[in-house]
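The values are calculated or read from the model by the stated rules, or taken from the named source; none is laboratory data. Only a predicted model underlies this, so the values are computations on that prediction, with no experimental measurement involved. Glycine gets a Cβ as well: all are built from the backbone with ideal geometry, and neighbour counts include every protein chain shown. The accessibility values were calculated without ligands, DNA or RNA, using every heavy atom of the protein model including side chains. Shrake-Rupley method; radii C 1.70, N 1.55, O 1.52, S 1.80 Å.
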Amino acid sequence: MIKLKDALKKDILARVREKYDLEEAEIEITTTPQQSFGDLSLPFPFKLAKKLKANPRQVAQDLLPLFSGLEGVKKAEVAGPGYINLFLDRNAFFRTALHSLGRTSLSPEHDKIIIEHTNINPNKAAHIGHLRNACLGDTLARCLRYKGEKVEVQNYIDDTGVQVVDVVFGLMDLERKTLADLESGGQKFDYYCWDLYARTSAYLEAHPESQERKSEILKHIEHGQDPEAGMARAVSRRILRAHLDTMKRIDVGYELLPCESSILGLKFWEKAFALLKEKDAIHLSKEGENAGCWVMRLAEAEEKEKIIVRSDGTVTYVGKDIAYQLWKFGLLGRDFFYEPFEQEGVKTLWITTTNPAPEAPAFGSASRVYNVIDSRQAYLQKIVAQGLRVLGYEVQAANSIHFSYEMVALSPRSLKELNYKVSESEKDRSFLEVSGRKGLGVKADDLLDRLEAKALAEVERRNPELSADLRASISRAIACGALRYFMLKFARNSLIVFDFEEALSFEGETGPYLQYTFVRLNSIFRKLSDRAGFGNAELEKLLREVPILLDRLPENEGHDFWDLILYAAQFEEHVLHSAYSLEFSHLAKFAFNLCQKTNAYYHLYSILGEGDLELRNIRIMTVFYIREILRTALSLMGIPLPEKM
């Protein structure tokens with residue numbers, strides 16, 4: 001569809017310019033509100049009429065003769081108060097659509113894109129809110145790669161932050177544990193640290209005199225001094241591996257794990273600090289509440305200055321983030337060292353290090369950067385972009401994109417499912433938000449375990465004859481699909497209230513409904529193979545014969561495929577729209593609507609039982625095209641494709 005619209009725009013512009021002054025941007029091609037009105041609509045006569053101070057319908061009537069013979073268009077007609085509607089050559093369009101399968105008409109626009117997402121503090125288990133971050137970031141990466149962009153996905157590991165400090169404090173000062181003690185115990189380590197972090201936070205709040213010891217631990221970790229630094233490294237690495245295992249359950253992966261300890265150890269901040277001072281982007285405050293701090297002047301609309309370096313000499317999060325952002329764009333003049341962290345098949349996951357290491361791929365130096373961070377961090381993300389701007393990097397600042405989103409909460413029904421004990425202060429609330437510091441919320445693995453268990457019960461009810469391994473595999477696929485679709489179907493700035501029953505339903509706007517539709521389409525081809533020996537060779541032969549079959553169709557007969565094919569052909573437009581707007585609810589809605597139209601088609605028209613062989617073959621190619629579009633759409637959303645449901 002994108003290719004056709006681009007060709008039509010160029011052709012229309014060339015024709016219209018013979019009579020009128022018009023810019024290419026003014027030629028917009030939209031869809032019609034009803035199929036009977038036509039397939040595509042041109043609203044530009046309204047703009048032209050405004051320029052000419054004329055009646056839009058009359059302008060459209062005057063333009064109509066220019067649209068005779070447009071390639072791919074059967075006819076054009078004036079509609080309503082001034083639209084020109086186009087009726088496409090259906091057979092030619094279907095032929096082109098079929099033969100374009102597997103070849104995208106999209107093209108890259110950037111040299112390299114970095115997407116930073118997930119970014120869970122390595123001090124406790126991942127929770128449900130982290131899953132939304134990962135689903136959004138991973139879907140963006142998939143869509144941009146489909147578009148042809150070179151994408152590098154990073155998962156930033158804050159292994160020296162105050163959250164890790166709290167856990168180290170809890171281990172060493174409250175529980176008197178050593179590194180050797182960490183290897184013992186049957187409880188999952190990230191779960192153990194979840195509880196320990198909440199207990200430590202409560203203790204520190206009740207014992208303000210402990211802040212001095214906490215500050216000491218922080219300094220020792222930042223300067224690599226043992227035993228605190230060794231404990232922090234052991235804790236963060238072990239929990240990081242647990243986080244990666246959790247993300248694998250929803251098919252999320254990364255290329256690089258940049259560590260804050262590497263940023264500190266390789267003096268990234270010192271280099272950024274020198275650049276900021278050299279450009280007078282920051283200054284030492286000598287009076288007021290910020291006395292002794294290095295602060296950045298913000299945009300004129302902002303009232304306050306932002307502290308970059310505290311009076312005790314420690315750098316704030318935003319200072320380190322500015323240094324990291326400079327590195328992402330290749331502007332820092334320094335690089336990390338890298339070493340393999342994990343191997344999965346042929347893919348190597350790399351992690352940054354301060355030690356010279358064997359040769360590694362080239363990381364960083366992007367032309368655009370997406371930071372997937374929740375909406376509460378909007379202010380800090382503005383400061384990071386401002387840091388680039390005051391250094392004179394306007395282009396890079398403009399290409400520093402904050403991909404923001406709202407939080408995830410749980411419905412009362414879901415809380416009950418997970419046996420979460422609601423406190424008196426929470427019992428009247430319609431949902432519960434997550435707070436790791438207070439130990440409130442649902443661990444991601446617990447959520448996924450429950451989803452898989454509920455999916456397994458449904459699979460066993462529907463397909464008891466399947467092997468235990470296959471039932472388990474299908475259940476994992478359904479659980480992953482349910483979660484990922486639920487995380488994508490809402491606008492990103494909407495609060496999500498997660499509900500098990502809603503997410504796992506095989507009907508309605510859910511991941512399992514989409515998966516079920518794909519399985520149903522697959523079953524058509526499985527039956528074709530079983531009953532008539534119709535396999536890949538026959539499918540390839542039919543693809544070659546489609547032009548002949550379509551040309552034999554009478555003008556107004558046998559076009560039952562049209563509404564379905566026309567809608568499915570808009571797939572790449574929805575991919576682009578979602579990627580540009582960072583609203584993957586558009587792609588999710590497209591996939592859902594396509595499934596609805598597909599199931600309606602399936603009920604209306606016989607495919608395997610159609611007596612007219614040529615019509616049957618056209619319908620086979622219709623569902624083949626839809627299946628391949630749906631396959632790609634589900635893949636971009638990270639929704640697995642189970643064998644059965």
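Screening LYS304 on (1) open to solvent by less than 60 Å² (accessible area, probe 1.4 Å); (2) basic (Lys, Arg); (3) free of Cβ contacts under 8 Å to residues at least 12 places away in the same chain shows it passes everything except condition (1).
Are any residues in region 156-173 open to solvent by 10 Å² or more (accessible area, probe 1.4 Å) and of a type outside the set (D, E, K, R), and if so, which ones? Listed by number, the residues that qualify are TYR156, VAL162, GLN163, MET172. Restricting attention to region 309-348 and to residues that are among the aliphatic types (A, V, I, L, M) and under 27 Å from the mean Cα position of the chain (by Cα), the residue that is surrounded by the most Cβ atoms within 10 Å (Cβ to Cβ) turns out to be ILE322. Identify all residues within region 248-281 that are in a loop (DSSP other than H, G, I, E, B), modelled with pLDDT under 95 and open to solvent by 40 Å² or more (accessible area, probe 1.4 Å); write none if there are none. Correct list: LYS267, LYS279, ASP280.
Looking at region 39-56, is at least one residue surrounded by fewer than 16 Cβ atoms within 10 Å (Cβ to Cβ), of a type in the set (S, T, N, Q), part of a helix (DSSP H, G or I) and out of contact with any helix residue (DSSP H, G or I) (no Cβ under 6 Å at 6 or more places or on another chain)? No, region 39-56 contains no residue that is surrounded by fewer than 16 Cβ atoms within 10 Å (Cβ to Cβ), of a type in the set (S, T, N, Q), part of a helix (DSSP H, G or I) and out of contact with any helix residue (DSSP H, G or I) (no Cβ under 6 Å at 6 or more places or on another chain). In a residue-by-residue description of region 365-380, the property of being modelled with pLDDT under 95, open to solvent by 40 Å² or more (accessible area, probe 1.4 Å), in a loop (DSSP other than H, G, I, E, B) and out of contact with any Ser or Thr (no Cβ under 9 Å at 6 or more places or on another chain) applies to no position.
As a summary of the residue check, GLU509 satisfies the conditions (1) modelled with pLDDT of 90 or more; (2) charged (D, E, K, R); (3) assigned to a helix (DSSP H, G or I); (4) under 30 Å from CYS135 (Cα atoms) except for the one numbered (3).
Output yes when any residue across region 519-528 is part of a helix (DSSP H, G or I), over 27 Å from LEU636 (Cα atoms) and at pLDDT 85 or above, and no when none is. There is at least one residue in region 519-528 that is part of a helix (DSSP H, G or I), over 27 Å from LEU636 (Cα atoms) and at pLDDT 85 or above. With the requirement that a residue be over 38 Å from the mean Cα position of the chain (by Cα), surrounded by 11 or more Cβ atoms within 10 Å (Cβ to Cβ) and either assigned to a loop (DSSP other than H, G, I, E, B) or at pLDDT 95 or above (or both), what does region 174-202 give you? Matches in region 174-202: LEU174, GLU175, LYS177, THR178.
Does THR96 satisfy being among the hydroxyl-bearing types (Ser, Thr, Tyr), open to solvent by 80 Å² or more (accessible area, probe 1.4 Å) and under 26 Å from GLU573 (Cα atoms)? Judged against the criteria, THR96 is a match.
Being part of a loop (DSSP other than H, G, I, E, B), open to solvent by 60 Å² or more (accessible area, probe 1.4 Å), modelled with pLDDT of 95 or more and within 25 Å of ILE373 (Cα to Cα): is that true of ASP245 here? Spelling it out, it is not the case that ASP245 is part of a loop (DSSP other than H, G, I, E, B), open to solvent by 60 Å² or more (accessible area, probe 1.4 Å), modelled with pLDDT of 95 or more and within 25 Å of ILE373 (Cα to Cα). Among residues of region 3-27 that are free of Cβ contacts under 8 Å to residues at least 40 places away in the same chain, those with a beta-carbon under 7 Å from a residue that is charged (D, E, K, R) and buried (at least 16 other Cβ atoms within 10 Å of the Cβ) at least six positions away or on a different chain give the pairs GLU24/LYS9; GLU26/LYS47; ILE27/LYS9. Checked across region 612-633, the condition of being modelled with pLDDT of 95 or more, acidic (Asp, Glu) and either closer than 30 Å to ILE401 by Cβ or open to solvent by 10 Å² or more (accessible area, probe 1.4 Å) (or both) holds for at least one residue.
Only one of the listed residues (PHE486, PHE500, PHE490) is more than 25 Å from TYR192 (Cα to Cα), open to solvent by less than 10 Å² (accessible area, probe 1.4 Å) and either of a type in the set (D, E, K, R) or modelled with pLDDT of 90 or more (or both). That residue is PHE486. Condition (residue is basic (Lys, Arg), surrounded by 14 or more Cβ atoms within 10 Å (Cβ to Cβ) and closer than 28 Å to TYR197 by Cβ) applied to region 286-299: is it met by at least one residue? Within region 286-299, none of the residues are basic (Lys, Arg), surrounded by 14 or more Cβ atoms within 10 Å (Cβ to Cβ) and closer than 28 Å to TYR197 by Cβ. Among the candidates LEU86, LEU70, the residue that is assigned to a loop (DSSP other than H, G, I, E, B) and closer than 17 Å to ASP6 by Cα is uniquely LEU70.
Pairing each residue of region 597-612 that is under 11 Å from ILE524 (Cβ atoms) with any residue that is exposed (fewer than 12 other Cβ atoms within 10 Å of the Cβ), provided the two are 6+ apart or on different chains, yields no C-beta distance under 7 Å.
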